[in-house]
1. Considering each of Pro330, Pro313, Pro323 in turn, give the residue that is crowded, with 16+ Cβ neighbours inside 10 Å, in a loop (DSSP other than H, G, I, E, B) and either touching a strand residue (DSSP E or B) at 6+ places or on another chain (Cβ under 8 Å) or not assigned by TED's automatic domain parsing to the domain that holds Tyr224 (or both).
2. Which of the residues that make up the range 1-57 are in a strand (DSSP E or B) and within 21 Å of Val118 (Cβ to Cβ)?
3. Please state which of the following conditions Asp85 fails to meet, knowing it meets all the rest: (1) of a type in the set (D, E, K, R); (2) surrounded by 21 or more Cβ atoms within 10 Å (Cβ to Cβ); (3) not in a strand (DSSP E or B).
4. Taking only pairs six or more apart or across chains, which ones have beta-carbon atoms under 7 Å, a first residue in the range 104-124 that is within 13 Å of Arg138 (Cβ to Cβ), and a second residue that is crowded, with 21+ Cβ neighbours inside 10 Å and of a type outside the set (Gly, Ala, Ser)?
5. Out of (1) aliphatic (A, V, I, L, M); (2) free of Cβ contacts under 8 Å to residues at least 60 places away in the same chain; (3) closer than 21 Å to Glu201 by Cα, what's the single condition that is false for Ile334?
6. If you take the residues in the range 262-310 that are among the polar types (S, T, N, Q) and modelled with pLDDT under 80, which one is surrounded by the fewest Cβ atoms within 10 Å (Cβ to Cβ)?
7. Among the residues of the range 202-221, how many are surrounded by fewer than 18 Cβ atoms within 10 Å (Cβ to Cβ), of a type in the set (A, V, I, L, M, F, W, C) and farther than 17 Å from Met71 by Cα?
8. Quick check on my filter: what residues within the range 333-347 are outside any helix (DSSP H, G or I), at pLDDT 90 or above and of a type in the set (A, V, I, L, M)?
Amino acid sequence: MDLILRPYQPGDENQILGLRARVFGDADPVRSKMAAWKWQFADNPAGPGFIHLAEDAGRVKAQYAAIPTRMRVNGREEVFGFSCDTMVHPNYRKQGLFAALARECYARMEAQHGVRVVWGFPNEKSMPGFVNRLGWERAGSAPTRLTLPHPALLLSPILRHARGAGDTDALAGPAGDAVIEPVDRFGEEFDALWEQWAPAEGVVQVRDAAYLNWRYLGLADFGYRPYAVRDTRGRLAGWFVIRPMPLFGAEAMVLADLWPLPPLGDLARAVVQKIRRTAATAGSPSLVALFPPAWAGLTRKLGFLAVPDRVSPKKWNLALRRPAGPEASPPADISQWFLSLGDTDIV
């Protein structure tokens, strides 16, 4: 065995996808496609991905990777690395490759790109490795939140399969004092909305048009469906993104993102109510979302309840690696982060 640790080189993506198939199988068919790899690691408007590989006899056997993410931290924009797609061939595990590749990746990110903060959502199995071997800090966890547009559908497989949750045409149109319309392209008015409501405190991923077009319209295979929310004068008041996804043996409607939640106020309630009604009509037994923990009270008013950990399909454990010191930033406190499911599902 003659292992070489090195940065990504153009052309490695073919072997990387081969390693992915070996490690994950067909668990995520979309992510196994070359178009998805290019979208994630080459077309990201924040910059190309940071990738380090372990090679044995010319074959890629392990990867540590992160993608750049533009973040607003207490009103100032920074670039972090979002840790994702860590994988080691089964025959090469327990040899320290995960930690060795990660350290090389972090050193290169900082030296060549000035990126000093890495963040992500390690699962329960990998969290100890991130914390004990790579200097990460736990920042807390956020529960998946659920509202049941039509609880009886959970018990009715005949009704569940009679309709499809993908039928969302009914979403467009009036919703209380708001009007909902599909978005084919995010333009300048979405930039203005971001600048208007970007928080002056806390941590949030930049949600301008460049990010939104890449994240939710850049790869149709993901099935994201973005909508604009307009007030009675036709002005853009907010936006949201939905996506059908299997959950509890049925196809749930996922609220991937909603912005800006508190300023939307009554409009948010009207929008969520319409999404719930549409989901029920389409045969979806649930509407699933992830909201900032600090907004738990508000999300309860919208009808969302926290799914208990023991039955939750996913527990969102936020963790990060940041420079040490008395003024370490960003805060390792999930209550100060704005998070949605759209922030989490590139893992």
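1. Criteria check complete, one pass: Pro330.
2. Leu5, Arg6, Pro7, Phe50, Ile51, His52, Leu53, Ala54
3. (3)
4. Trp119/Phe80; Trp119/Phe82; Trp119/Leu320; Gly120/Phe82; Phe121/Leu318; Pro122/Phe130
5. It fails just one condition, (2).
6. Out of the qualifying residues, it is Thr281.
7. Result for the range 202-221: 2.
8. If the condition is that a residue be outside any helix (DSSP H, G or I), at pLDDT 90 or above and of a type in the set (A, V, I, L, M), then Leu339 is the only one that fits.
The values are calculated or read from the model by the stated rules, or taken from the named source; none is laboratory data. On a predicted model such as this, the values are computed, not experimentally measured, just so you know. Glycine also receives a Cβ, built like all others from the backbone with ideal geometry; neighbour counts cover every protein chain displayed.
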